[in-house]
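Asker: I have a structure here, written as structure tokens, and I will follow up with some questions on it.
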Amino acid sequence: MGDSITEGAVASVDKAVGDIVREDAVIAQIETDKVTIDVRYTEKEAGRVTAVLVSPGDTVAVGQPVASV
């Protein structure tokens with residue numbers, strides 16, 4: 001998120017526990033009053049989602065984990 005943004009609301013969670021994710025896969029979307037930001041998986045090797053830590057409507061801070069892979 002941008003420098004002036006400190007938090008946002010979870011608009012959607014696009015992966016579930018057990019899903020396989022590959023580099024650049026969208027895990028969740030975070031909305032602010034100005035933009036919607038995709039939270040993407042950035043590792044080169046595929047992984048499996050082991051926990052989803054947020055739900056739609058939750059408020060999350062910049063840098064807060066949304067899932068475990």
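The values are calculated or read from the model by the stated rules, or taken from the named source; none is laboratory data. Only a predicted model underlies this, so the values are computations on that prediction, with no experimental measurement involved. Don't worry about glycine lacking a Cβ; one is built from the backbone with ideal geometry, like all the others, and counts go over all protein chains shown. Note: areas computed on protein heavy atoms with side chains; ligands, DNA, RNA excluded. Shrake-Rupley method; radii C 1.70, N 1.55, O 1.52, S 1.80 Å.
Asker: Among the numbered conditions (1) touching a strand residue (DSSP E or B) at 6+ places or on another chain (Cβ under 8 Å); (2) in contact (Cβ under 8 Å) with a residue 24 or more places away in the chain; (3) aliphatic (A, V, I, L, M), tell me where ALA25 comes up short.
Answerer: (2) is the only condition that ALA25 fails.
Asker: Filter segment 28-67 down to residues that are acidic (Asp, Glu) and outside any loop (DSSP other than H, G, I, E, B) and give me whichever is most open to solvent (accessible area, probe 1.4 Å).
Answerer: It comes out as GLU31.
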